[in-house]
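Here's the structure we're looking at; comments come further down.
The values are calculated or read from the model by the stated rules, or taken from the named source; none is laboratory data. Keep in mind that this is a model prediction, so the values were computed, not measured. No Cβ is skipped: glycine too gets one built from the backbone with ideal geometry, and neighbour counts run over all protein chains shown. Side chains included, ligands, DNA and RNA excluded: accessible areas come from the protein's heavy atoms. Shrake-Rupley method; radii C 1.70, N 1.55, O 1.52, S 1.80 Å.
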Number of protein chains: 2
Amino acid sequence: MKIEENNARIIIEGVTPQVDDGRFPAKAVVGDTVTVEADIYADGHDTLAARLLYRRQEQNKWTESPMKPLVNDRWRGSFTADKTGNYVFNITARVDRFQSWLSDFKKRVEAGQPDLEVYLQTAAGLIAEAGRRASGADGQKMAKWANMLKSEATTTQKIKLATGVEVGRLMDRYADRRRAVTFDRELVVAVDRAKAGFGAWYEMFPRSASATPGQHGTFRDCEDRLPYIAGMGFDVLYFPPIHPIGRTCRKGKNNSVNCDANDPGTPWAIGGKEGGHKAIHPRLGTLEDFRHLMDTAGKYGMEIALDIAFQCSPDHPYVKEHPEWFLWRPDGTVQYAENPPKKYQDIYPFNFGTERPKELWEELKSIVTYWAQQGVRIFRVDNPHTKPFPFWEWLISGVKREYPDVIFLSEAFTRPKVMYHLAKLGFTQSYTYFTWRNGKRDLTEYLTELTQTGLRDFFRPNFWTNTPDILHAYLQAGGRAAFMARLVLAATLTSSYGIYGPAYELMESTPREPGSEEYLNSEKYELKHWDIDRPDSLREFITRVNRIRRENPALQHNRNLWFNVTDNEQLLCYSKHTDDLSSLIMVVVNLDPHRTQSGVVNVPIEPWGFDTEKPYQLDDLLADTRYTWRGSWNYVELNPAVSPAHIFHIVNLAPAPPR
Amino acid sequence: MKIEENNARIIIEGVTPQVDDGRFPAKAVVGDTVTVEADIYADGHDTLAARLLYRRQEQNKWTESPMKPLVNDRWRGSFTADKTGNYVFNITARVDRFQSWLSDFKKRVEAGQPDLEVYLQTAAGLIAEAGRRASGADGQKMAKWANMLKSEATTTQKIKLATGVEVGRLMDRYADRRRAVTFDRELVVAVDRAKAGFGAWYEMFPRSASATPGQHGTFRDCEDRLPYIAGMGFDVLYFPPIHPIGRTCRKGKNNSVNCDANDPGTPWAIGGKEGGHKAIHPRLGTLEDFRHLMDTAGKYGMEIALDIAFQCSPDHPYVKEHPEWFLWRPDGTVQYAENPPKKYQDIYPFNFGTERPKELWEELKSIVTYWAQQGVRIFRVDNPHTKPFPFWEWLISGVKREYPDVIFLSEAFTRPKVMYHLAKLGFTQSYTYFTWRNGKRDLTEYLTELTQTGLRDFFRPNFWTNTPDILHAYLQAGGRAAFMARLVLAATLTSSYGIYGPAYELMESTPREPGSEEYLNSEKYELKHWDIDRPDSLREFITRVNRIRRENPALQHNRNLWFNVTDNEQLLCYSKHTDDLSSLIMVVVNLDPHRTQSGVVNVPIEPWGFDTEKPYQLDDLLADTRYTWRGSWNYVELNPAVSPAHIFHIVNLAPAPPR
C-alpha cells in the first residue's frame, strides 16, 4: 500500500506578518514574540501537520517549532525576536498519514465498530514504514510495534499500543517529510532595539534654553535643562536642526518676509558661510560641546535625536559647490520651495531629478553617517515624502548596515498611502494624524486602523500632542483639561509619543491668528524664554503619566489596544493588557474639556476571564484612588476641572484557581 | 532643464480584480464591464496619469483606456468583456510633467501671483520638448506655441494659450512615456458565457418522470416533462447520474443496507455489468434518446446538466480493469467510502494516491469530454473536495481548451477555504451554505462576504433551496410560507439558483426522522411518482419569480446587492439596481413563516439620487399592487399566509432633469 501525496494538494496562504507579498520586511523589537499565522489546508479530510521555520538572516540553519490549528483552517506559531537584525521565517506543512489514520480510528473505536483488525494492520504498515526511517533503538522499537500489531495479541492490546502517546511521538519524529510543502517565499522580520517600539520624546529648541531672557541658548544651557526633562520621564530629546542658518531671505518674527539684524531665522533654512549640514550653529557651541551634551544626556537615560532636513538656505555651501543639485529656472535663478501660491524663498530644495543623482545621494547619506559617527542614533526626518522613495530605501538600508541601532522617525504629513509606503521603505517610526483626531469616532477608527490591521506589521505610530508647526484648535480652546486629555491619549493609545515643550507643559495656546494652527510668536522664528518653573505647569502631571507608562508593560505595546463601549459620545474608554493579565490597564478620557461627563462603560471582563459575579479592583494611577467594581457595566464621571481621565490598573480579586 | 523621473517613484499596488496575486484568473461573463482599480501614487506632489491596458490573451496588441482618480490615491478604469475566453490587463502610470506644471500654475493665476513669466517659460520648455516627439502638423503647432510663450505677447495671452484645452490635449498625446511604470504582473480575467452568471436550475431524477406510478421513468418521459419545467422559467435541467447502477451492496429504501430485487439503488453507485461512466442506465433509454432529449430541451430554451461523480460501485468495470486505481486494504478487499464510523460499502472511491495517476487522470477527463462530445455543456461535479486540487485545475483547463463554453458547478459542502480554492482552480459556480443561512444576521453576513469582498471576483454562488440530500428544518417546519420565502431569497439574492423538484414545488417536507435533513422515502433510493398538477403546487409562484428575474436585469448580477436597514429582526430588506437605475429592485422578506411581521425599512433613496421630498412608486411584482412612498423610512407589513415577500420595482417619479 502506498499513498501518494501530491505536493500541490496542500495550500499555504494568507501568511502574516507579510508586507506587500514579502517585498518589505515586517517590523518587531527585541523581546517581541513574533506571531506567525497562515491558512493551511488540503483537499479531502487528511490531518495536516505544520511547522514554523525561522532563523537569523545571516545564519543558514532553521529552527523549527510546531504550529497549531486555530479555527477555520487558520494555524499559528511563534518565535522570539531576541536580538536586533533580520529574522527570516517560512512555513512547511505535510499530510500526517498516521494522525489521519488515528483520527479516523478513534472514531471507530468510540462508535464500537467491530471489524477493527484490518485498520490495525494499516497502522502496522505505517509504523513499519516509518521505522525504516528511524535508526538504532527507535527503529527496533517501531519494528517491534509493527510486529505486535500483526501478531495474535488481543485487539484491546493492539488498540492501546496504536493509540498510545509513545507511538504518536515517534511517528511524528520519523514522519515522511519529503512531500512536505513549503510556502513559496521566505519572509523577513526586521528587529529593532526596544526604543523603536517604546519611548517618550521631548522636542525643544536648544537656542531657547538659556536661563537669561533674550540670550541665545547653547548646548551647555541644554545640559542644565536635562534634569528637568529627564525628571519628567522623557527618554528622547529631539532638537530641530542645529546647523548654521542662512541669511538670504531670512524670515523674521511670525514668518515675516522682513527680518531685522537680530532675528535668528528658522533652523530649517540650513547652511551659511559657517557651513552646512555637518556644521554646528556657532552660537550653540562646538562639536565637542555637542558630544558632551550627548554624554550627559546618556547619564540621565536620554538620547539626543537630530533633525534631518534635506534642504538648503540660499547661503548653503552646496549651492555654489554643486549648482547641479538644484533646479535652475529659465530666468537663471534657483527654484526655491513653493506650495503655490505660497513661497519659501529662504529654502532651496534639492533637485533629485539632477543629472548627477549618485553624488547627491551619497553626500546626503554622508550627512547621516557623519552624525552617527558622532554618536547620534535617532533621526527625525523632515518631509521625507518630498524626496524619492528609492532614495530612502537606499539611504536607510545603507546607514543601518553600518549602524543597525539607528532609528528614523518619518515626519511626513501627507496622504495615508504615501506615509505608509515610507514606513515600508524602512522608516522606524512615523508621525501620524493623531493631532487632528479629537473626537471619539475619529480616534476609534484611526487607532483601529493603526493597531488592528496589517499596518501594525510595518507602520509604528509616534503620537505628538503638538509640534512647532501644529497647535490644534482643541488645545487653543480647551484649556488645561485639553492639554491633560491629549497627553493621556498620546501617552496611552500608542507606545511612542512626543510633546513639543516647554510650550506643551506651559500650555501655550495662542495661535498666530484665529483659524491658524501656527503658534503666535513661534519659536521657529525667534528665541523664546520659557518660565519652566511656573506653578501651573503640567510638569508633575506629565511626570506621573510617564511613570505609569514605564511601570505598566501593557502600555508599551500597540497591538493589544481594545476599545470598550461607553454610552456617552464624550467618554472614550480603552484597555490594554499583557498576555498574562499581570499588567491590565483601562483608560477613560473625557473628551469634553469644558463639562463634566458621565456614563457607563463596558468592561470586557468576560474576554479577560473574570468571574462575572465577583468583584475586581481598579486603582486610578492618576489620582491614587481605588474602586471596586462588579460586572461589565459600570458608572464613570469625569470632571475636567479635576481630571479629564482615569488610568486604571485593574486586578481580578477572584482569579480562577490554576488547573 | 531636465527632470529625471525615477521609475521606482511611482507605486502601483492593491490592483483589483486580482486572485492570489494573479496566480488565478478573476471571472466575468460576456457583456460585463470589468472594473479595474488600483492604488497609484508617487512621492512628492506631482500629478500622475494612469492607463488601463487590456487585450484578449491570444492577441499581442494592447488597447489603452485612461484611468481616473477617485479618492485617497485610488484609481479606476474599465473595459468590456465582449467575448468568452481570457482577457489580460495591466496598468501603466507616469508622472505628468505638464499637468503638474499646469496644476501649480492655475493656483498661481488664481492667487494673482505677479511674476508669472518665469513659469510660462518653463511651460515653453515643456511644450518645445514634447513637440520634438510630435511629427508633422502637431509638431509645428507645438513649436509655434513654445515660441509664442517666449515672445513679447502679453502675459494674459500666454496664460490663455498655456492653460487651454488644445495644448493639454497635445501635451498628453506626446507625453514622454518612456519613464512610465507598469505593474509588475499581467492579470487575467476569464470570461464565461452568460449562463455562467445567470441561470435558474431545476434538478430532477429522470427515473421518476414516468406518468405511470411505479414505472421506471425514461428520457422520453423527461421530454414530456419539459414544457412543465420550461414553463416555470428554468433554463438548466440537471440530472443525477444517468449511468448503470451497481448491485453489490446496493442500498434499499431510506438508505437501508437491505435491498430487495426491485430497489433501483442510488444513481451515485455508478457502474455495473452494463457499463460505467460513459454508459447510460438501460432503463432510462439509449444514447440516441438522450441526444433527442437534449435537442428537445434546447427548443424549450433549456440545457441538460449532467452529474460528474468520480466514484464507482463495486461492479464498475474499472474495478476489474484497473485495480491499481483503488485502495486495497491489508485484508485484500477494496477500501469503500467511509466517514467514520459511517460506511458506504456500495461506493468505491478512486485512490488518487495510485502509483499510476496519469492513466487515472486521463480516463476521468475522458468521461467529461465524452459527454461534451454528445453535446453536454454543463456539469455538476459531485464532492470535488475529496479529489486532489491539482487534478481539478488540470481537468477543467484541459476540457475548456476544447470546449470553452463548458460550465462546472462545484458541489463541495466543506470548509470555506477549500470551497473557495476549488473556485480559484476553475470551477465556474459553486454550491454554498445558503441552505443553512436562515436568519437575518446570517444571511446578511454571508451575502456580504460573497458579494462585497474579493470572493466575488472568482467565487460564483449558486443558491439551492434544497437538494436530494438537504431538507432544512426551516422547510420542515415552516410550511408553504417557508418554501415561498426561501425561493424568493435564492432567486433574488444571487443570480444563479436552483431547486430540487418536484419535491420543492410540491413542498415535500417530511424528514426521515426528527432532526434529520434527509427526506423520508428519499428519491435517492427509490422511484417516486410526483403529482405535479396538485392544485397547491408552487408552480405558478415559481413561474412568476423566474419571470421577474428575466425581466429585471438588476437581479442578474450579484455585486450590486445592498442590504437595507429594517427595525424588525424578521424582516430582511435588500436592493439591487443597474448602474442607470432603469432596473431598480427592492425585496422585503418576512423570515418568520408563522406570523405577520411589520416594521419600517430604510430605502436608500439618497444614494440612488432621489429627491428626499418627492414621491416614488413601488410596484410589487409578486402581487401586482402599487404603492407610492416618500422619504427613506416606510412601513411594511407581511402576512406569511398571504405572501412572505414583496419584490418591488421602484420608479423615481421626480428624477432630476438631465444636465
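Under the convention that each Lys and Arg Cβ holds +1 and each Asp and Glu Cβ holds -1, the size of the dipole of chain B around its Cα centre is about 1560 debye.
Under a model in which nothing but the beta-carbon of Lys, Arg (+1) and Asp, Glu (-1) is charged, the protein assembly as shown shows a dipole of about 1840 debye around its Cα centre. When both segment B:328-373 and segment B:545-613 are represented by their alpha-carbon centers, they are found 46 Å apart. Students often get this wrong: which residues of segment A:350-393 have the backbone nitrogen under 18 Å from the point 7 angstrom along Cα-to-C-beta of A:Thr248? What the label zone holds, given the 18 Å backbone N cut-off, is A:350-352. Annotation: amide H of B:Ile347 within the under-5 Å range of B:Ala337, sequence separation 5 or more or interchain, hydrogens built in the peptide plane.
For segment B:3-95, the share of alpha carbon pairs falling in successive 10 Å distance bins from zero is 16, 46, 29, 9, 1 percent.
For segment B:98-173, with only Lys/Arg (+1) and Asp/Glu (-1) charged at the beta-carbon, what is the dipole magnitude about the Cα centre, in debye rounded to 20? Let's see the in-between values first.
Values: 12 positive and 9 negative charges, 43 e Å.
My answer is approximately 200 debye.
Phi angles across segment B:626-641 convert, under the Karplus curve 6.51 cos²θ - 1.76 cosθ + 1.60 with θ = phi - 60°, into 3J(HN,Hα) values of 10, 10, 10, 10, 8, x, 7, 9, 9, 8, 9, 9, 10, 9, x, 5 Hz, Gly and Pro given as x.
Let me know the mean shielding of A:347-360 by other chains, meaning the per-residue number of their Cβ atoms within 10 Å of its Cβ. If you can, show how the numbers build up before the last one.
Working: counts 0, 0, 1, 0, 4, 7, 9, 3, 2, 1, 2, 0, 0, 0.
Going residue by residue through A:347-360 and averaging, the value is 2.
Contact order for chain B, expressed relative to its length and based on alpha carbon pairs under 8 Å spaced 6+ residues apart, stands at 10 percent.
Once R0 is set to 45 Å, what does the formula 1/(1 + (r/R0)^6) return for the Cβ-Cβ distance between A:Tyr635 and A:His45, expressed as a FRET efficiency to the nearest 0.05? Could the numbers behind the result be given before it?
On the way: r = 52 Å, r/R0 = 1.16.
E between A:Tyr635 and A:His45, to the nearest 0.05, is 0.30.
Using the Kirkwood radius built from alpha carbon pairs, what does the Stokes-Einstein equation give as D for segment B:98-173 at 10 °C and 1.306 mPa s, in µm² per second? Don't skip to the end; give the middle numbers.
Working: Rh = 12.3 Å.
Approximately 129 µm²/s, per Stokes-Einstein.
Would you kindly work out, in nm and rounded to one decimal, the distances from the label point of B:Ala128 to those of the same position in each other copy, ordered shortest first, with label points 7 Å along Cα-to-Cβ? Label point to label point, same position, other copies: 9.0 nm. Take each residue in A:40-48, count the other chain C-beta atoms within 10 Å of its C-beta, and the mean is 5.
Extension gain, A:Thr596-A:Asn72: 0.36 nm per intervening residue step, less the Cα-Cα distance, totals 184.0 nm. Between B:Val334 and A:Val651, the simple label model (points 7 Å from Cα in the Cβ direction) yields a spacing of 7.1 nm.
Averaged over A:190-203, how many beta carbons belonging to a partner chain fall within 10 Å of each residue's beta carbon?
0
To the nearest 0.05, how large is the calculated FRET efficiency for B:Gln374 and B:Ser397 if R₀ is 22 Å and r is the Cβ-Cβ distance? The calculated FRET efficiency here is 0.55.
Quarter the surface of the alpha carbon convex hull of chain A and you get the mean projected area, 36.5 square nanometres. The two copies A and B are related by a rotation, and the chain A beta carbon nearest its axis, with distance in whole angstrom, is A:Asp21, 3. Surface composition of the protein assembly as shown: carbon and sulfur atoms hold 50% of the protein heavy-atom accessible area at a 1.4 Å probe. In this simple spin-label approximation, A:Asp620 and B:Asp619 carry label points 7 Å from Cα along the Cα→Cβ vector, and these lie 6.6 nm apart. A Förster distance of 41 Å, applied to the separation of the beta-carbon atoms of B:Thr156 and A:Glu321, puts the FRET efficiency at 0.50.
With bins 5 Å wide beginning at 0, the percent of Cα pairs of segment B:304-440 falling in each bin runs 2, 9, 18, 20, 19, 16, 9, 4, 2, 1, 0.
Relative protection proxy for A:312-320, A:134-142, from highest mean packing down: A:312-320, A:134-142 (other beta-carbon atoms within 10 angstrom). The lysines within cross-link reach of A:Lys253, meaning a Cα-to-Cα straight distance under 26 Å and a gap of 8 or more places when in the same chain, are A:Lys273, A:Lys342, A:Lys343, A:Lys524, A:Lys528.
Helix A:416-425 axis versus longest C-alpha principal axis of chain A: approximately 70°, rounded to the nearest ten.
Go through B:Leu126, B:Met171, B:Gln99 and say which Cα lies farthest out towards the positive end of the charge dipole of segment B:98-173; charges sit on Cβ, +1 for Lys and Arg, -1 for Asp and Glu. Sorting the options by dipole projection puts first B:Met171. Amide H to amide H, with H built 1.01 Å from N, A:Arg512 comes under 5 Å of A:Glu518, A:Tyr519, A:Leu520, counting only residues 5 or more places away or on other chains. For A:Gln452, the point set 7 Å out from Cα toward Cβ sits 1.6 nm from its twins in the other copies, listed from shortest up. Ignoring lysines fewer than eight residues from B:Lys68 along the same chain, the ones with Cα atoms less than 24 angstrom from its Cα are A:Lys417, B:Lys27, B:Lys106, B:Lys107.
Around the amide H of B:Tyr525, modelled in the peptide plane, lie the amide H atoms of B:Asn254, all under 5 Å away and 5 or more residues distant in sequence or on another chain.
With contacts taken as Cα pairs under 8 Å at a separation of at least 6 residues, segment A:561-652 carries a relative contact order of 32 percent. D by Stokes-Einstein for the protein assembly as shown, Kirkwood Rh over Cα pairs, 25 °C, 0.890 mPa s: 67 µm²/s.
Once divided by 2.2 N^0.38 Å, the Cα radius of gyration of segment B:279-340 becomes 1.65. Rounded, prolate or oblate: which fits segment B:494-614, taking a ≥ b ≥ c as square roots of the Cα gyration tensor eigenvalues, rounded meaning a/c under 1.5, else prolate when a/b beats b/c? Prolate, since a/c reaches 1.5 and a/b exceeds b/c. Straight-line reach from B:Lys299: which lysines fall under 26 Å, measuring Cα to Cα and dropping same-chain residues less than 8 apart? Of all the lysines, those that pass the test against B:Lys299 - Cα under 26 Å, at least 8 places apart if same chain - are B:Lys83, B:Lys195, B:Lys278, B:Lys400. Estimated at the nearest 10 Å², the accessible area of B:Phe427 is 0 Å² with a 1.4 Å probe.
Contact order, relative form, for segment A:3-95: 33 percent (alpha carbon pairs under 8 Å, 6 or more residues apart, mean separation divided by residue count). Cα-based radius of gyration for segment B:561-652, normalised by 2.2 N^0.38 Å, reads 1.02. Could you give P(r) for segment A:463-509, binned at 10 Å from zero, as whole percent values over all Cα-Cα pairs? Using 10 Å bins, I get a P(r) of 30, 62, 8 for segment A:463-509.
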